[in-house]
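Just so it is clear, none of the values below were taken in a lab; they were calculated from the coordinates. As the structure is a computational prediction, the values presented were derived from the model and not from experiment. Here Cβ is always computed from backbone atoms with ideal geometry, including for glycine, and neighbour counts include all displayed protein chains.
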Amino acid sequence: MSMLKVEDIHVYYGSIYAIKGVSFEVNQGEIVTLIGANGAGKSTTLKTVSGMMKPKSGAITFEEKSLLGVKPHSIVGLGMAHCPEGRRIFQEMTVRDNLEMGAYTRPKGEIEDSIAHVYDLFPRLKERFRQIAGTMSGGEQQMLAMGRAMMSKPKLLMLDEPSMGLAPLLVEEIFRIIQDLNRAGTTILLVEQNARMALAIANRGYVLETGRIIASAEASALLKDETVKKAYLGG
Ligand SMILES: Nc1ncnc2c1ncn2[C@@H]1O[C@H](COP(=O)(O)OP(=O)(O)OP(=O)(O)O)[C@@H](O)[C@H]1O
Ligand SMILES: [Mg+2]
């Protein structure tokens, strides 16, 4: 049974038709990746699922419940967290305060437990808990953004370009952490321009091109697909 089901959504920014009938699903326990070039509509798709944008038509269901018209904070409360493109952490606040901001849907009494859990996942954040977030390195800021998303104890974590702008070693570390989160039980919807690495850790993938899904398959099959190789994997 699918955890998240997106059916034929159409999304506009004013008169700009960004998502032209996209359907996909994510099953419990999976890593599913959405790959595609700049402007294909990857971020718009995630923003629509997390309730930040309204589709003109179509259906989105999470654990059998329709998300249409549900407010973003309520969607977080249902168990879905969105770690947006560009990290969007609170630059002026400390690491710890940023993490607390991620726990707004949680009972006060459980926040300390969640912080301890996130410190286990990201020991670097524990070492740096007093540091002002904006002074951390790009990779550390990405860990903070992911740690903050994990504070809501999501069943499904949506990650938008977590490897963007990071040096190769850090990219590997971020991908390893994504796999760890998944092994520990979090279902993952991963948007990436680094298609090769995303497909290497994913169960399944969808290829988005100018607002439409043009291919979907097991990740291992997409890695071998000639069209996908030419367009997205550098030949
Ligand atoms: N706020 C906005 N106003 C108008 N058009 C927008 C807005 N945000 C995105 N778009 C347009 O919607 C389309 C999809 O954009 P989106 O950000 O979803 O692409 P993307 O696949 O995430 O690209 P990237 O890889 O560059 O992040 C693009 O044509 C983009 O120009
Ligand atoms: Mg994007």
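Miscellaneous remarks
- Taking amide H as placed 1.01 Å from N in the peptide plane, residue 132 has no amide H partner under 5 Å among residues 5 or more places away or on another chain.
- Karplus (6.51, -1.76, 1.60) ³J(HN,Hα), θ = phi - 60°, over the range 10-27, in Hz, Gly and Pro reported as x: 10, 10, 10, 10, x, 8, 7, 8, 8, 10, 10, x, 9, 10, 6, 9, 10, 8
- C-alpha center-to-center spacing [the range 50-67, the range 94-117] in angstrom: 27
- Antiparallel %, DSSP beta bridges [both residues in the chain], to 5: 55
- Relative contact order, whole percent, for the chain stands at 26, derived from Cα pairs under 8 Å and 6 or more residues apart.
- Summing +1 for each Lys or Arg and -1 for each Asp or Glu among the other residues whose beta-carbon sits under 11 angstrom from that of residue 139 gives -1.
- Within the straight-line cut-off of under 23 Å between alpha carbons, the lysines reachable from residue 5 are 20, 42, 47, 54, 56, 65, 71, 153, 155, sequence neighbours fewer than 8 places apart in one chain being disregarded.
- Overall form of the range 1-64 per C-alpha gyration tensor (a/c, 1.5; a/b vs b/c): oblate
- In order along the range 107-119, phi translates into HN-Hα couplings of x, 3, x, 9, 5, 4, 4, 5, 4, 4, 5, 5, 5 Hz, rounded to whole numbers, per the Karplus curve 6.51 cos²θ - 1.76 cosθ + 1.60 with θ = phi - 60° and x for Gly and Pro.
- Charge tally in the Cβ shell below 12 Å around residue 79, where Lys, Arg are +1 and Asp, Glu are -1, residue 79 excluded: +3
- Longest exposed-site-free window of the chain, the sites being trypsin sites (Lys or Arg not before Pro) in a DSSP loop that have at most 14 other C-beta atoms within 10 Å: 131-235
- Restriction of the chymotrypsin sites (Phe, Trp or Tyr not before Pro) in the range 60-166 to DSSP coil positions whose beta-carbon has at most 10 other beta-carbons within 10 angstrom yields no sites.
- Coordinate range along principal axes, alpha carbons of the range 107-235, Å, largest first: 50, 29, 25
- Distant-in-sequence amide H partners of residue 21 (H built 1.01 Å from N, under 5 Å): 9, 10, 11
- Whole-number percent relative contact order across the range 44-118, with pairs defined as alpha carbons under 8 Å at least 6 apart: 22
- Based on the Stokes-Einstein relation at 20 °C and a viscosity of 1.002 mPa s, and on the Kirkwood radius from alpha carbon pairs, the range 27-119 is assigned a translational diffusion coefficient of 139 µm²/s.
- 5 Å binning of all Cα-Cα separations within the chain, expressed as whole percents from 0 upward: 1, 7, 15, 18, 20, 17, 12, 7, 3, 0, 0
- Result for the chain in a Gaussian network model with C-alpha springs under 10 Å: among 80, 143, 197, the largest mean-square fluctuation is at 197.
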